[in-house]
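The values are calculated or read from the model by the stated rules, or taken from the named source; none is laboratory data. Just so we're clear, the structure is a prediction, and the values are computed from it rather than from any experiment. Reconstructed Cβ throughout: ideal geometry from the backbone, glycine too, with neighbour counts over all protein chains shown.
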Amino acid sequence: MKVLLIGADGQVGFELWRTLQFNREVIPTTSDGRNVQGMTTIKLDLSDADDIQKKIDNIKPDVVCNAAAYTQVDQAESDVEIAKLINTEAVSVMAHSAKKNKCLLIHYSTDYVFSGDHKFPWKEKDNTNPKSIYGQTKLDGEQAIIESGCEYMVFRTAWVFSNRRNNFLNTMLKLAETHQQLKIVNDQQGAPTWASSIALATMLALNIPETGLYHLTSNGSTTWFGFAQKIFSQAERVGLIPKQPELIPISSKDFPTDAERPKYSVLNCRKFEGIFNVKLPHWQTTLQLCIQQRMKP
């Protein structure tokens, strides 16, 4: 099986690259064709519809796996056209090209398609109502895939963390180097999800590719404040930081951002678990594994 991997240098994309190549041929792409940790990629310009079509037509993959996205949530409020171009229009081109070439499209979406206005885990069939440009462009990308008529698996995930790129884990550990006290939002709830877990779950799902929209996050949930507490306690335990900073819980209104976040975006993953017989571990377990990977041998 040949997989065209789009966004091989991102958090999820890099883990997919490492995981899928165990039993599949992976052709990795990045926006500029640069080397990633010494490994070669090919250039794919997501702002160029012709380039997307030509790459899929020429490579003729069995699977197009799109792990690329515009993820600057706050900046998207002003960079509307760029967010739409990457999260919606490029995805639409992928979907139509996948249909033309009779290949499966795997795509990753977000918990931000929901409003966050209720307090029970969101199911795939629940009404969407994004509160941000980022969430809306990701939702529009989902719809473009469904309307294209291609074979697809769309995985909504949330609060992704890893030891690469910009994410909450890396931000917290960096801030701990210079801050003795940190104020962290404590009224937004979700499920921190390790990029490696997403990649492994994707590999297992490919064994029985069942078209559909699925929720895919870690087991359990917490707030950003609770996430930060666990990050620092585990980091201190293994010696990554000498001492935990003092954490002060605050509300979202005390930390204003350009884009509004959903207050409750825990996703119900029972559909994925039932069809693929795969359940992601608890977020605290995967956080511990992720932090242990940072340790030098």
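The figures follow:
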| quantity | calculated |
| --- | --- |
| Leading residue by the ranking (farthest from Thr211 (Cα to Cα)) among those in the range 145-193 that are in a strand (DSSP E or B) and under 11 Å from the mean Cα position of the chain (by Cα) | Phe161 |
| Of the criteria (1) within 20 Å of Glu147 (Cα to Cα); (2) not in a loop (DSSP other than H, G, I, E, B), which one Asn129 fails | (2) |
| Tally of residues being charged (D, E, K, R), out of contact with any strand residue (DSSP E or B) (no Cβ under 7 Å at 6 or more places or on another chain) and either free of Cβ contacts under 8 Å to residues at least 12 places away in the same chain or closer than 16 Å to Thr193 by Cβ (or both) across the range 154-182 | 3 |
| Residues within the range 23-75 that are part of a helix (DSSP H, G or I) and either over 20 Å from the mean Cα position of the chain (by Cα) or free of Cβ contacts under 8 Å to residues at least 24 places away in the same chain (or both), tallied | 11 |
| Filter result for the condition that a residue is closer than 17 Å to Ser148 by Cβ, surrounded by fewer than 16 Cβ atoms within 10 Å (Cβ to Cβ) and out of contact with any Pro (no Cβ under 7 Å at 6 or more places or on another chain), over Asp45, Asp57, Asp50, Asp74 | Asp57 |
| Filter pass, Ala259 being within 26 Å of Leu139 (Cβ to Cβ), of a type outside the set (Val, Ile, Thr) and part of a loop (DSSP other than H, G, I, E, B) | yes |
| Scope the range 1-17; condition assigned to a helix (DSSP H, G or I) and closer than 18 Å to Pro61 by Cα; matching residues | Gly13, Leu16, Trp17 |
| Qualifying positions in the range 205-255 - more than 19 Å from Gln189 (Cβ to Cβ), in a loop (DSSP other than H, G, I, E, B) and either hydrophobic (A, V, I, L, M, F, W, C) or in contact with a His (Cβ under 9 Å, 6 or more places away or on another chain) (or both) | Leu206, Ile208, Val238, Leu240, Ile241, Pro245 |
| Residue match in the range 204-212 (condition: touching a residue at least 60 places away in the same chain (Cβ under 8 Å), surrounded by fewer than 20 Cβ atoms within 10 Å (Cβ to Cβ) and within 22 Å of Asn87 (Cβ to Cβ)) | yes |
| Some residue of the range 194-204 being in a loop (DSSP other than H, G, I, E, B), closer than 13 Å to Phe14 by Cβ, within 12 Å of the chain's Cα centre (by Cα) and modelled with pLDDT of 95 or more | no |
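Each row is one residue, and each column tells you yes or no for (1) on the phi > 0 side of the Ramachandran plot; (2) modelled with pLDDT of 95 or more; (3) in contact with a Gly (Cβ under 8 Å, 6 or more places away or on another chain); (4) among the β-branched types (Val, Ile, Thr).
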site: Leu240; (1), (2), (3), (4): no, no, no, no
site: Ile248; (1), (2), (3), (4): no, yes, no, yes
site: Lys253; (1), (2), (3), (4): no, yes, no, no
site: Pro262; (1), (2), (3), (4): no, yes, yes, no
site: Phe276; (1), (2), (3), (4): no, yes, no, no
site: His282; (1), (2), (3), (4): no, yes, yes, no
site: Thr286; (1), (2), (3), (4): no, yes, no, yes
